[in-house]
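Below is one structure; the comments refer to it alone.
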Amino acid sequence: MGNTIAQKIIRQHLVSGEMTVGADIGLRIDQTLTQDATGTMAYLEFEAMGVPRVKTERSVAYIDHNTLQSGFENADDHQFIQSIAQKHGIYFSRPGNGICHQLHLERFGIPGKTLIGSDSHTPTGGGIGMLAFGAGGLDVAVAMGGGEYHINMPKMTKIELTGKLSPWVSAKDVILAVLQKMSVKGGVGKIIEYGGDGIRTLSVPERATITNMGTELGATTSIFPSDEITKAFLEAQGRGDCWVELSSDPDAVYDEIIQLDLSALVPMAACPHSPDAVKTVEEIGKIKIDQCCIGSCTNSSYLDMMRVASILKGHTIHPDVSLTIGCGSKQVYQMLASNGALADIIAAGARILECACGPCIGMGQSPNSGGISLRTFNRNFEGRSGTADAQVYLVSPETAAVSAINGCLTDPRTLGAQTEITLPEKFLINDNLILPPVPEELMETVEIKRGPNIKPFPVSEALPERIQKKAILKVGDNITTDHIMPAGSKILPYRSNIPYLSNFCFGVCDKEFPERCKAEDGGIVIGGSNYGQGSSREHAALVPLYLGIRAVVAKSYARIHCANLANAGLLPLQFKVESDYDGIDQMDELSLPRIREELTAGTDVTMENLTKGTTLHLTAVLTDRQRAMVLAGGLLNYTKNTAK
């Protein structure tokens, strides 16, 4: 029996465990990436491990999230990360150089290598055949220190692409169609591999758009083969020597095969407030819009921007619409400036943003009250834009550009013949904003710069014999990490200051939550299904830990957040009977009377609702290794204990 692409890479990097679906496996990691919103914490954790120099083949620290400098905090964090990178063997991408995923694809990604990043959209690297995972910052720190990265061995899903995209239909429409078919939970526990004759019609930037938003499926990761198209892209980036061919075996076996005819697709949009609330643009109709934002790690490539420029050329943005453009990298920005496309974009009235994440994470450009915003981003969760009542639709760059001209949601197929855009044979290469680390013998000459906003991260204590706490909060299904720990320009600068961040925890759901935790000395959170979907931010575990949360009991969990809870030493518990969720009310007194004994034995966990006089049975959503971690009080304590 043959292997899929992912199985081949896993087999080559397997350090521990067996490749049996659901089993815990440990992988050797070749590359890591961080961004500044999560990186500060990751590097504090790396320092705490006491490893002097990273042991990966390549680790890169990118500055792309917290680039709006309205106070000293972000600039201080950037200096801290830069000094850490110089000292410990990490490449540093300066502010303005671009978005981590776009840059890593251009300058560092290698087919067949493993990559983890402290950002959930790290699977963008699957567009060139990397096995790339989003992870918590502590997982990245451990990998930089030479440790294994652990996941449960996923199932293999193949999406068989046939046909060819019609004019004005794009890669964004492909992944929106997949989300419509599979939902935001449909990829949980799976690696999505794209195959079929249709992949030959998709460029690397188009493939990367698709793997980027595979995160919204809840998938472990997504991957394309590494073929002649991949080779041409890497050669154009001056990196052809790192290309290797990768494909699945003809007799590879998949747990699931989904057919998708590219030629049957039409322009799509994800409606508020979920990436899987997908309809065709035609179905939604010509709704009036207030804003269009083009960019993000999903759609900020040279190909995307050239297509946008071709649509905007000779036109003026509708007077009722604000259009922003953010290139994914300095390379893209500079090439647009050189070939005149940037002039066409500016002439049309677009507002040019720096090469950064920007509006995607609520870092500026929030829509007007109740505004309708079309965005080429990957998430449209309620309030993520920075405007609580905004209606955000996810669309392709082509749909966004023509809609910005017309002032209403518009099907780009109304434009007539499409201008043919091809990738250049050679990209403009200028890595002057990437700083290499100092040689190892000069490490001691580097002083780590720590601003006053950088606070120690919270460390959990070993699991007690019993826990008795109140159900401090009860929430519904599909709670995102944006609900738990919001982003945005007012909060993101404090990602290295857990005490300050705690004031905003669960603020989207219940503004009284932080004060209630302080008054009750923490508690237990009750959640619905797919708890913790979205961003990989480990702050959604660290901040509740700081507030005294000891456990979450939910119907089901998103993969990365569940791992982050265990890393922090928090208990991710799951209802054995989903209807038991209905029998718990907020502020009920709950008891886990034998939690340490039961977790040690690997049995079901008993929970008593002392208020209602009922007893429930729960499952600890933990591997054997994670059980040991939680018993020790988290991954950091576990790592220190096992190193003794």
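The values are calculated or read from the model by the stated rules, or taken from the named source; none is laboratory data. Treat the numbers as computed from the prediction; the structure is a model and nothing was measured. Virtual Cβ from ideal backbone geometry, glycine too; neighbours counted across all protein chains shown.
Scanning region 285-318 for residues that are surrounded by fewer than 24 Cβ atoms within 10 Å (Cβ to Cβ) and in a strand (DSSP E or B) gives a single hit, K288. Across region 548-598, the qualifying residues are those that are of a type in the set (G, A, S) and over 29 Å from T221 (Cβ atoms), and the one among them that is surrounded by the most Cβ atoms within 10 Å (Cβ to Cβ) is S591.
Just one of (1) on the phi > 0 side of the Ramachandran plot; (2) touching a residue at least 12 places away in the same chain (Cβ under 8 Å) fails for Y62. It is (1). All of (1) surrounded by fewer than 24 Cβ atoms within 10 Å (Cβ to Cβ); (2) of a type in the set (S, T, Y); (3) within 19 Å of the chain's Cα centre (by Cα) hold for S83 with one exception: (3). Exactly one residue out of P205, P167 is outside any helix (DSSP H, G or I) and under 26 Å from A277 (Cα atoms), and it is P167.
Determine whether region 275-284 contains at least one residue that is acidic (D, E), outside any helix (DSSP H, G or I) and at pLDDT 95 or above.
Taking every residue of region 275-284 in turn, at least one turns out to be acidic (D, E), outside any helix (DSSP H, G or I) and at pLDDT 95 or above.
Would you check if there is a residue in region 62-81 being in the same structural domain as S118 (by TED's automatic domain parsing), in a strand (DSSP E or B) and modelled with pLDDT of 95 or more?
Yes: one or more hits.
Take G112 and tell me if it is over 28 Å from E206 (Cα atoms) and in a loop (DSSP other than H, G, I, E, B). Against the criterion (over 28 Å from E206 (Cα atoms) and in a loop (DSSP other than H, G, I, E, B)), G112 does not qualify.
Check off (1) crowded, with 22+ Cβ neighbours inside 10 Å; (2) not in a loop (DSSP other than H, G, I, E, B) for T414 and give me the number that stays unchecked. Here T414 meets the rest and fails (1). Selection over region 480-497 of residues that are out of contact with any Gly (no Cβ under 9 Å at 6 or more places or on another chain) and β-branched (V, I, T) gives a count of 0.
Please count how many residues of region 321-342 are in a helix (DSSP H, G or I) and either surrounded by fewer than 21 Cβ atoms within 10 Å (Cβ to Cβ) or of a type outside the set (S, T, N, Q) (or both).
11
Against the criterion of being outside the structural domain of T399 (by TED's automatic domain parsing), touching a residue at least 60 places away in the same chain (Cβ under 8 Å) and under 25 Å from M182 (Cβ atoms), E256 qualifies. Among the residues of region 511-558, those that are within 22 Å of G488 (Cβ to Cβ), part of a loop (DSSP other than H, G, I, E, B) and small (G, A, S) comprise G532, G534, S535, S536, A558.
Take region 479-505 and flag every residue that is surrounded by fewer than 22 Cβ atoms within 10 Å (Cβ to Cβ) and either in a loop (DSSP other than H, G, I, E, B) or in contact with a strand residue (DSSP E or B) (Cβ under 9 Å, 6 or more places away or on another chain) (or both). Within region 479-505, G488, S489, K490, I491, N497 meet the criteria.
Inspection of region 224-237 identifies no residue that is touching a residue at least 12 places away in the same chain (Cβ under 8 Å), in a strand (DSSP E or B) and over 26 Å from the mean Cα position of the chain (by Cα).
Listed conditions (1) within 24 Å of S248 (Cα to Cα); (2) more than 20 Å from the chain's Cα centre (by Cα) are all met by L131, apart from (2).
Restricting region 149-200 to residues that are surrounded by 19 or more Cβ atoms within 10 Å (Cβ to Cβ) and among the acidic types (D, E) leaves a set whose member that is farthest from F377 (Cα to Cα) is E193.
Conditions (1) of a type in the set (D, E); (2) assigned to a loop (DSSP other than H, G, I, E, B); (3) surrounded by 24 or more Cβ atoms within 10 Å (Cβ to Cβ), marked per residue:
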{"residue": "L374", "(1), (2), (3)": "no, no, yes"}
{"residue": "N378", "(1), (2), (3)": "no, yes, yes"}
{"residue": "G386", "(1), (2), (3)": "no, yes, no"}
{"residue": "D389", "(1), (2), (3)": "yes, yes, no"}
{"residue": "A400", "(1), (2), (3)": "no, no, yes"}
